[in-house]
Amino acid sequence: MHIEDPKIIAALPELSVELRRASSLAELTSLAIGGTTDLLRIRDHESIPGLLSLLDYHGVPHSFLGGGSNLLVGDGELPWIVLQLASPDPDVVLEGNFAQVDAAADLGRMVTYCAKHDLGGMEGLIGVPGTVGGALRMNAGAYGMQIGSYVREVKLYRAANRRLEILRGEQISFEYRHTSFAPDDMMLAVKLELPSKPYKEILQGIRICNEKRRSSQPLGQKSAGCIFKNPPGASAGRMIDELGLKGLSVGDARVSDRHANFFVNAGKASAKDMLALVAGVRERVHRAFHAELEHEVVIWNA
Ligand code: EPU
């Protein structure tokens with residue numbers, strides 16, 4: 001979508017918002033799939049209510065983009081624009097056992113920065129790509145931990161009230177790859193409370209998680225992590241593997257040979273290819289195991 005209204009374009013500099021024309025979602029997502037649209041980069045949280053009122057008033061549809069590491073975007077021009085936070089410097093501020101982190105901060109860098117200051121707990125998240133905001137919204141987790149356990153406060157833009165709000169940890173429910181945030185809430189910052197641990201000990205945990213991940217996941221390839229959630233008590237990856245579907249392809253979209261719940265873009269896969277592969281695998285799992293796999297990856301398809 002192309003922002004045409006001159007009133008919107010004229011208001012952007014005052015709101016500290018940068019317009020990037022015809023941004024390629026393929027370049028902004030780890031799957032490297034997706035068409036183009038205008039992108040607005042937001043530098044100041046305080047300008048968000050004004051910006052969104054302006055967009056709503058002029059009828060411009062929009063979605064929020066985090067790090068693009070858990071997202072499958074449709075081909076062609078998107079019929080909505082994309083909003084993304086620019087990361088401030090510094091994006092992590094520590095005070096005792098608390099870390100105040102901007103949602104645009106890179107998750108892995110945040111984990112290592114805290115580790116270097118003897119704050120642990122998040123070792124499992126090392127190697128999970130994306131931003132802190134994305135991890136928060138999805139309640140990212142691995143190796144027995146989830147980010148939600150450490151959340152004490154979240155600053156967000158509540159589209160329903162058109163306001164910036166601060167929620168306490170107890171007001172948010174964090175479940176397996178699911179949170180009580182509304183789909184149009186925009187994560188802005190989070191306060192985490194982390195256990196004290198010597199750096200050396202944290203580093204050991206990080207090394208173990210890195211090793212496990214390297215041996216079981218296709219890390220160097222273009223993917224969006226796990227495509228499906230695990231059904232209660234089962235493993236989507238194991239079910240797909242048991243059906244012998246590793247290596248199954250539609251165009252350049254391919255079920256990873258290393259981990260069957262990772263679907264990789266092995267070249268120039270289109271969203272159409274990837275969606276066909278996802279639907280095909282889902283159907284075969286349903287027929288064989290009578291299990292309805294739910295998408296873990298977020299799909300933006302017009
Ligand atoms: N397995 C297979 N074949 C495969 C893949 C897995 O047989 O191709 C088996 C494994 O041998 C193991 C079981 O399935 O016995 C579970 O596999 P794994 O330990 O790799 O974990 P997972 O359940 O597939 C989950 C998360 C990952 C996270 C890992 C490690 C989901 C959907 N996936 O994977 O998260 O990294 O545990 O904690 O919850 C993601 O969210 O994108 C993601 C990759």
Counting only residues 5 or more places away or on other chains, whose amide H sits under 5 Å from the amide H of T36 once H atoms are built in the peptide plane?
L25, G76, E77, L78
Along the Cα-to-Cβ line of A302, 7 Å from the Cα, sits a label point; which residues in region 63-84 have backbone N less than 13 Å from it?
74-82
Taking the alpha-carbon distance from K272 and a cut-off under 22 Å, which lysines remain once sequence neighbours fewer than 8 residues away in the same chain are dropped?
K222, K229, K246
Given the options T179, T37, T29, which has the most mean-square fluctuation in a GNM of the chain, springs set between C-alpha atoms less than 10 angstrom apart?
T179
Charges on Cβ only, +1 for Lys and Arg, -1 for Asp and Glu, centred on the Cα centroid of the chain; of I208, F263, G96, which one is farthest towards the dipole's positive end?
I208
Site A266, offset 7 angstrom along Cα→Cβ, radius 19 Å on amide nitrogen, limited to region 198-227, gives 216-227
Could you go through region 220-234 in sequence order and give the Karplus-derived ³J(HN,Hα) for each residue, using 6.51 cos²θ - 1.76 cosθ + 1.60 with θ = phi - 60°, rounded to whole Hz, and x for Gly and Pro?
x, 9, 6, 8, 10, x, 5, 7, 10, 6, 6, x, x, x, 9
Can you list the lysines whose alpha carbon is less than 17 Å from that of K116, not counting same-chain residues fewer than 8 positions off?
K197, K200
Dipole in debye (nearest 20) - region 167-215, about Cα centre, beta carbon charges: Lys, Arg +1; Asp, Glu -1:
440
So what is the relative contact order of the chain, in percent, for Cα pairs below 8 Å that sit 6 or more residues apart?
17
Sort the following peptides by mean Cβ neighbour count (other Cβ atoms within 10 Å, averaged over residues), highest first: 281-290, 235-244.
235-244, 281-290
Based on Cβ point charges of +1 for Lys and Arg and -1 for Asp and Glu, what charge dipole magnitude is obtained for region 1-120 about its Cα centre, in debye rounded to the nearest 20?
160
Pop out the ³J(HN,Hα) list for region 90-105 in order, Karplus 6.51 cos²θ - 1.76 cosθ + 1.60 with θ = phi - 60°, rounded to Hz; leave Gly and Pro as x.
x, 9, 10, 10, 9, 8, x, 8, 9, 10, 9, 10, 6, 4, 7, 5
Could you work out [θ]222 nm for the chain from helices alone, using -39500 (n - 2.57) per DSSP H run of at least four and dividing by all its residues? Round to the nearest 500 deg cm²/dmol.
-8000 deg cm²/dmol
Is the shape of the chain best called rounded, prolate or oblate, per the rule: a/c under 1.5 gives rounded, else a/b larger than b/c gives prolate, else oblate, with a ≥ b ≥ c the square roots of the Cα gyration tensor eigenvalues?
oblate
³J(HN,Hα) computed for each position of region 40-57 - Karplus, 6.51 cos²θ - 1.76 cosθ + 1.60, integer Hz, glycine/proline x:
10, 9, 9, 9, 10, 3, 5, 7, 5, x, x, 5, 6, 4, 4, 5, 5, 4
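Coordinate-derived values only; no laboratory data. Small disclaimer: the values here were computed from a predicted structure and weren't measured. Reconstructed Cβ throughout: ideal geometry from the backbone, glycine too, with neighbour counts over all protein chains shown.
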